[in-house]
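Read through the structure below, which is laid out as structure tokens, and then see the notes.
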Amino acid sequence: MKAIVLKSTGKGNAVKIAYEDRPTPQIRDPHDIQIKILGVGICGTDLHILMDPPLHPASPGIIFGHEFCGQITATGSAVTRPEIGDKVIVDPHPACGYCNNCRSNRPEMCENLFLHGEGIEGQAATRGIFRDGGLASYAVIPAHSAYKIAKDTPFSRMALAEPLSCVGYGIEKLKIQAGETVCIMGAGPIGQLFTALAKANGATKVIVSEPHKYRREKALKTGATRVVDPTKENLKSVILEETNGLGVDHCIEAVGQLLMAAIDMVRTGGKVLMFGHDETANPNIKLGEIVKKEVEIHGCFLGKYYYEKAARIIESNILPLDEIATHTLPLSEYEKGLELLRNGQALKVVIFPEEG
């Protein structure tokens, strides 16, 4: 089968990925399933891995792509469900179940997600980043990583399950209520999903700050009640205008460098969710503002127990997911998808295999 393989991650290496032949994976563990890949989303993390120098670690030699979905073609002898023929979304971060965090009800913080090798650690390592992922025709995964979804669900929506699970878990931390106000900083795919879920949860005002016109226009279609170009407008002034001088109840930072600005946007007793992932960011924080305003600050990394819910959300069509999955391309045009994203011409690009 053809696959997109991560060749190198070091600084200065010319060849980062390759479109090459790989053996079709076969079931060896009785608890595993084989799936025919239907779609794979290109993630911002993928772009960070492919930067020079890379901004996220990964294992060279693996089949790339962690936002994948498929249809079951074979099952191990111990698997009773899901069944052959079922369409499934995939959790690429299967927690080991044995580390301190897993045993303390924090599977999204599994200590083995970023490890290599075999055994428990190897099984837990994220697929598509540290183990073989979905940018191919077939994949073999643990059955417990697959969640059944309605067979009439388009693969472009299914491929949004992983980021939707992460965003949904973050929304649950904030406990957004009907009548509340929300500011979202950044309107990439993650910011758009936050916009859609905040609106679906009852927020009456969803203010989205984004410098790129294309993304601002999309935000108005995914649930924003007002969009702001922070290069031309004063976001704080807009928020005070929209909230009668109070500030928003919740501010979601989906950029990675704007924590202090997010703190400044919320009302006294407001909540900030830090979701943007920039490991190079080192912002100055005015601690007195956090204390005086009694701001709640939440970090959010991966989805926790959310994939079953994500499947139901995707099936329901309650969110405008087709506005977010803007492009579908065949596997052989993967690099074209990367360029569309780098040039700001797409939100979420979903790749599908041409064969098998």
Item to check | Unmet requirement for Gln257, which otherwise passes all of (1) surrounded by 20 or more Cβ atoms within 10 Å (Cβ to Cβ); (2) closer than 18 Å to Gly191 by Cβ | outcome: (1)
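Have a look at Ile190, Ile207, Ile252, Ile184 and point out the one that is closer than 30 Å to Ile63 by Cα, of a type in the set (Val, Ile, Thr), buried (at least 24 other Cβ atoms within 10 Å of the Cβ) and in contact with a helix residue (DSSP H, G or I) (Cβ under 8 Å, 6 or more places away or on another chain). Quick ask: steps written out before the conclusion?
Working: Ile207 fails: closer than 30 Å to Ile63 by Cα; Ile252 fails: closer than 30 Å to Ile63 by Cα; Ile184 fails: closer than 30 Å to Ile63 by Cα.
None of the other options fit; the residue is Ile190.
For every residue, the table says whether it meets (1) modelled with pLDDT under 95; (2) under 25 Å from Met1 (Cα atoms).
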position	(1), (2)
Gly85	no, yes
Asn101	yes, no
Ala139	no, yes
Tyr147	no, yes
Ala150	no, no
Pro154	no, yes
Checklist outcome for this item: Apart from one, (1) touching a Pro at 6+ places or on another chain (Cβ under 7 Å); (2) outside any loop (DSSP other than H, G, I, E, B) all hold for Lys11; the odd one out is (2)
Item to check | Entirely in region 238-336, the strands (runs of 3 or more DSSP E) that have 1 or more residues that are under 15 Å from Cys166 (Cα atoms) and of a type in the set (Gly, Ala, Ser) | outcome: 296-299
Checklist outcome for this item: Only one of (1) assigned by TED's automatic domain parsing to the domain that holds Leu38; (2) in contact (Cβ under 8 Å) with a residue 40 or more places away in the chain; (3) more than 16 Å from Asp46 (Cα to Cα) does not apply to Arg342, and that is (3)
Checklist entry - In region 261-308, which residue that is β-branched (Val, Ile, Thr) and out of contact with any His (no Cβ under 9 Å at 6 or more places or on another chain) is surrounded by the fewest Cβ atoms within 10 Å (Cβ to Cβ)? => result Thr280
Checklist entry - How many of the residues in region 197-216 are under 18 Å from the mean Cα position of the chain (by Cα) and not in a helix (DSSP H, G or I)? => result 0
Checklist entry - From the set of residues in region 17-49 that are in a loop (DSSP other than H, G, I, E, B) and crowded, with 20+ Cβ neighbours inside 10 Å, which is nearest to the chain's Cα centre (by Cα)? => result Cys43
Checklist entry - Residues in region 178-185: is at least one among the charged types (D, E, K, R), over 30 Å from Thr75 (Cβ atoms) and either out of contact with any Cys (no Cβ under 9 Å at 6 or more places or on another chain) or modelled with pLDDT under 95 (or both)? => result yes
Checklist entry - Does Ala219 meet the test of being in a helix (DSSP H, G or I), closer than 18 Å to Gly179 by Cβ and touching an Asp or Glu at 6+ places or on another chain (Cβ under 9 Å)? => result no
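The values are calculated or read from the model by the stated rules, or taken from the named source; none is laboratory data. Note that the structure is predicted; figures quoted are calculated from it, not measured. Methodologically, a virtual Cβ is constructed for each residue, glycine included, from the backbone with ideal geometry; neighbour enumeration extends over all protein chains shown.
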